[in-house]
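Each remark here refers to the structure printed beneath this line.
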Amino acid sequence: MSYKVTLLGRPEHPSDAVEGMLQPAPAELTGVLRETRAVLFSDITGSTAYFEQHGDEAGLRLIERHNRLLLPVIQRHAGRLVKTIGDALMVEFPGARPAVAAAVEMMRALSAHNRSQPEDERIRIRIGVNFGEVLIRQGDLFGDTVNAAARVESLAAPETILISAATHRALEDDPLSRECRPFDAVLVKGKSEPLEVFEVPWDPEAPPASGPRPVASAGSVIGGRFRILSLLGEGGMGQVYCAHDSALDETVALKFIHPHLSERRESLDLFKREVKLARAVTHPNVCRIHEFLHMEGRDFLSMEYIAGRSLEGRIRADGPLSPDETLAIARQLCAGLAAAHRRGVIHQDLKPANVLIEEGTGRAVITDFGIARLAEAEPRGSERAARVAGTPEYMAPEQAQGFPPGPAADLYSLGIILFEMLAGAPPFTAPSAGEVLVQQVTRPAPDLAALRPDLPPVLLEAVRDCLHKDPRHRPKNAEELLRRLGREKPRRSKLPWVALAAGLAALAIVLLLLLPGTRPPGGERRVSPLLATGALERSPRVRTDGAALAYLRDGAVWTTAFPSPAPGKLYQPEAGVPIVGLSWLGTEAVLVSIAGTALRLGLDRGVAPLSGVVADCPVDVAPDGRRYCTCRKNAEGFPDLVAGEFGGPERVLLAGSGARGFDKPRFSPDGRRIALVVAQGGFRTARDIGVIPAGGGELMQLTRDGIPQRLNNTDPAWTPDGRWIVYSSRRSGTQALWCVPADGGESFLLAPGATAGQYAPDVWPDGSAIAFEVREERQDLVVADLAGGGLTHLGDERASNRFPVFSPDGRYLAYRTLRGEDNEDEGAAEIVVADSERDEEKRFPAPAGTRELCWCGAARILFARTEGQDRQIVEMSLPAGTTRTLARGFSGLWSPHADPQCRRAVFSASRDGETGRRLYQIQMPDGEPVPLTPAGETAVFPAISPDGRRVAFRHMPDPEGAGAASLRLLSDGASARPVTAHPSFARSQRRLRWAADGKALFFLEPDGAGARLWQVPAAGGTPREARRVPEISTFDFDLTADGARLVYPVTRVSADIYRMEGIEW
């Protein structure tokens, strides 16, 4: 039997009996239930030897004793014996707590029994438990949760209980949870993240299981800042974890340093200086080091997290790479090394294990720059020192002989990597490190051409030259090698029409040089703070001569001059009046967009309104100083894009509607075009970038992924030559700066490794730099007392909290919390239930993609799960936190709502092949989804009345959601009737809520940075304003049944202004 190895090097010992219980999931899902269960596996250790020594009859009697002792324990804890094979048991439990409690009692029962037995008659078992969704068919269990439970059990030693991280989280506040110890992590087939494992102590006198232990565990928080998500692996320096950094609001990698390395403070100080130097390297092919930290007695590095696998893992899994793949990776490694060498940073331990290939993009990223210097903490010549300071198989000859390595040593290591990518193994191997080092110094590399006759000369020459023993004969630098690798494409065979091929290649080069926007911007980009005073500094705008900057500080307009910044306040608006945008009027005045008007602010602090200019979004001024563009709300309240001359006529360039609006227009440098944001109504982050002729014409969308994927493509700015548009997007996971050719084409990331949101770029007139805003946003929740007017803030300020809902009696408030950038379908989500009477809360793990909560009676919460292509309605039962799927198979799914008695639930959804969005109904607890509205229309955000007999919803006749929305009411046995199409409702967004008596409905209409809460009679009539909400981020509000309290989300912001230099357009 082949043993597998965990991330910490511990072998697995799978049981043949347990493995025999595992079956593939049924291909036909008819009659299959999906439920959340705890799965326990156990087997007797040493039973095979017992059968061989004592015979079958004695072995069967041993198993009978085992069953008599353990089966009653399982039954006492509500367990169900699924099946047995020999001495192994497979048991399901309704939750994690009873499963773990049963495991502890099972161990203790056998321990008490064994005390009266001779040594060879004692029964010792091991137990593994996992918790999650399982498939149930005809009483048997299938699925990933079952298979992972078996993997957990295979790690256990005799008389050991191991549980998965999911089981550990589900234990919540149980005392056993606090006593569990991190044990190990194991990769599970089909999963990219390792499965973390914990040991459950059951005998105070027993020693802990042997072997290495993780220094942290999933869910733990280090220094009040880093929340551990998972163990990634262990290397020569120490263990590496994926974590969420609450200070950066970003997923990072934490590399913990072994105590034996960090205890030598002099060497550690040298290492810190090396890391500080490495931090200066900013390049997409170099892993960004954020900080060196010492917290809770541990030294570790915080680094950019790259989702993917190492080049070493790829070569091991796939074997030798093709010439095309090798060239693509090699060019990126050359570019990363060139950027580092220009900064004087030498890697010293470059190898495939230190190269990560990003999943989805293929980006090659070099990790661990400067880390090899920590090896000086080790005695010179020790095998550990060789392994850390430079791995023998990849070490340059001069480095192997003890000479200080330079850039040429990294190029030698790169040559080894190229050889291994093409041959599948490094050129020099031997049983000992010393023998490998001797080969590096004395032996030539094997003939790569003989191993791979298909390789083009460019690759063969690059490997040959990099592997010269004399560093003087290697390529001059990484830039030279990059030019050589880019000079020739791989050729698998010679074509007969050589002249034609050469002509086509020459033509391609000419086109590449002549066509604008075909290559990404180059240069060594450097990012540094420009204005970071601790105040809220936002929206930078560079003056037309590049000698000054206007910006917002704590809501006021400030300016500063260059090269010696001397900030001064230019204008302070009235309290509560937000400024929505800035623009320069030549070099002597700033144009301010505020409260629907535009003001001219002279640098002498003179203030004058610009008559005739209505500014419902930022106003931009054309280079000629005579024209402007902005947004103006039309009669329906939606923003049109307009342009005009100061003091002259104005024309509508694009008409806004309920489906599409416009924002943030910017004139091109020649004044002939306008870049703008195209926004989908009702969604804060559904935005794309477009361009339209300044005189009117057809809109050309430059990005098309922002609206469907809610990537928040926003804040366009032109480069001085008009070839590029710089903008902000969440396409890379964090809101970062991108650029796109102004005539259309592929977008390129300008700031890889962004650790906080980057917004509002503005390019210096000479194109040398970009000023931009670095902003961190978190969703907070506010509860307003509608009678007394008081406000209460809820939630963890380090997390984003959304989708709040009051329980039917108003005592509990549930909401979804997500640590990280507000990316709904990623990250570790939790459902929080806050008790207003006891002033306490409970947290329940929730799957990725959890959105739009609602209560179903007093003890159940429904929510939409939008991860992946199969959208679902999921029910969570309280207080256990167990979940089950109510409906699935939808391509889109939104906004579930249930009546207070939990008799039925409604939601909006779409299926593949249908147009529009329909309302569906489920009769609780186990009904099938039944459509309530026809296909081909848009029906969203349903709300069931308190008596459960009526459903209010938003209706648009267009299947794409275009046109003005109206409020409709669907009663039992009757068709939907209109309630109101008032302009306030047409402009409103998202949720609807009923009054407690069922006679009125509430909705929210945007109003600047806040909103207006309206009330409309359910019988029809004119809405009346019920309350002004001063600030709100999304319109996911809720009211208590008595109408006394209102809850809604707000955004908390911190921001500074940064500058990016070194861009080559």
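Coordinate-derived values only; no laboratory data. Remember, it's a predicted structure, so these values are computed and weren't measured experimentally. So basically every Cβ, Gly included, is an ideal-geometry build from the backbone, and we count neighbours across all protein chains shown.
Quick one: Debye curve from the C-alpha atoms of the range 986-1025, no solvent, what's log10 I(q)/I(0) at q = 0.17, 0.20, 0.22, 0.34 Å⁻¹?
Taking Cα atoms of the range 986-1025 as identical point scatterers yields -0.42, -0.57, -0.67, -1.21.
Label residue 626 and residue 709 with points 7 Å out from Cα along Cα→Cβ: what is the distance between them in nm?
Calculated label separation equals 4.3 nm.
Separation of the range 25-84 and the range 412-471 by C-alpha centroid, Å?
Each part reduced to its Cα centre gives a spacing of 54 Å.
Return the distance in nm (one decimal) between the two label points of a simple spin-label model at residue 473 and residue 117, each offset 7 Å from Cα along Cα→Cβ.
Placing both labels 7 Å along Cα→Cβ, they lie 7.2 nm apart.
Using the Cβ atoms and a cut-off under 9 Å, what net charge is assigned to the surroundings of residue 618, where Lys and Arg are +1 and Asp and Glu are -1?
0
Calculate the length of the line joining the C-alpha centroid of the range 917-979 to that of the range 622-689, in whole Å.
34
Quickly rank 693-705, 338-350, 580-592 as a protection proxy: mean count of other C-beta atoms within 10 Å, highest first.
Taking the mean over residues of other Cβ atoms within 10 Å, the ranking is 338-350, 580-592, 693-705.
Of all alpha-carbon pairs in the range 307-467, indicate the percentage at a distance above 20 angstrom.
When every Cα pair of the range 307-467 is considered, 48 percent fall beyond 20 Å.
If only Cα atoms are counted, what is the Rg of the range 777-1053, and what is its Dmax, in Å?
For the range 777-1053, the Cα-based Rg and Dmax read 17.4, 51 Å.
Holding the Cα-Cα limit at 27 Å, pick out from 255/476; 255/351; 569/633; 83/842 the pairs that are longer than that.
255/476; 569/633; 83/842
Could you give P(r) for the range 905-1001, binned at 10 Å from zero, as whole percent values over all Cα-Cα pairs?
The distribution over the range 905-1001 is 16, 50, 30, 4, given as percents.
Would you calculate a helix-derived [θ] at 222 nm for the chain, using -39,500 (n - 2.57) for each DSSP H run of n ≥ 4 and dividing by the full residue count, to the nearest 500?
-5500 deg cm²/dmol
Could you pull out every residue, at least 5 positions away or on a different chain, whose amide H is within less than 5 Å of the one on residue 995? Hs are placed 1.01 Å off N in the peptide plane, and Pro or chain starts have none.
1000, 1001, 1002
Pop out the ³J(HN,Hα) list for the range 406-420 in order, Karplus 6.51 cos²θ - 1.76 cosθ + 1.60 with θ = phi - 60°, rounded to Hz; leave Gly and Pro as x.
x, x, 5, 5, 5, 5, 4, 4, 5, x, 4, 5, 4, 4, 5
How far apart, in nm, are the 7 Å Cα→Cβ label points at residue 1028 and residue 19?
In this crude spin-label approximation the distance works out to 7.2 nm.
Can you list, by residue number, the Cys in the chain that have no neighbouring cysteine C-beta under 4.7 Å?
Flagged as lacking a Cys partner: 180, 242, 287, 334, 466, 629, 739, 854.
Can you give the charge dipole size of the chain about its Cα centre, rounded to the nearest 20 debye, using +1 on the beta carbon of Lys and Arg and -1 on the beta carbon of Asp and Glu?
1660
Starting from the exponent 0.38 and prefactor 2.2 Å, build the expected Rg for the range 526-776 from its residue count and divide its actual Cα Rg by it.
So the Cα radius of gyration is 0.94 times the expected 2.2 N^0.38 Å.
Just how large is the dipole of the range 307-467 about the Cα centre, in debye to the nearest 20, putting +1 at every Lys and Arg Cβ and -1 at every Asp and Glu Cβ?
The calculation lands at about 280 debye.
Residue 888 label point, 7 Å along Cα→Cβ, cut-off 20 Å on backbone N: hits in the range 160-182?
Output list for this probe position: 166-167.
Which one of 814, 585, 175 has its Cα pushed farthest toward the positive end of the charge dipole of the chain, where Lys and Arg give +1 and Asp and Glu give -1 at the Cβ?
Positive-end residue among those listed: 585.
Quick one: which of 314-322, 998-1006, 442-450 comes out on top by average Cβ neighbours within 10 Å, and what's the full order, highest first?
With the highest mean Cβ count within 10 Å placed first, the list reads 998-1006, 314-322, 442-450.
For a quick protection proxy, order the peptides 32-39, 968-975, 842-849 by their average other-Cβ count within 10 Å, most packed first.
The densest-packed peptide leads the list: 32-39, 842-849, 968-975.
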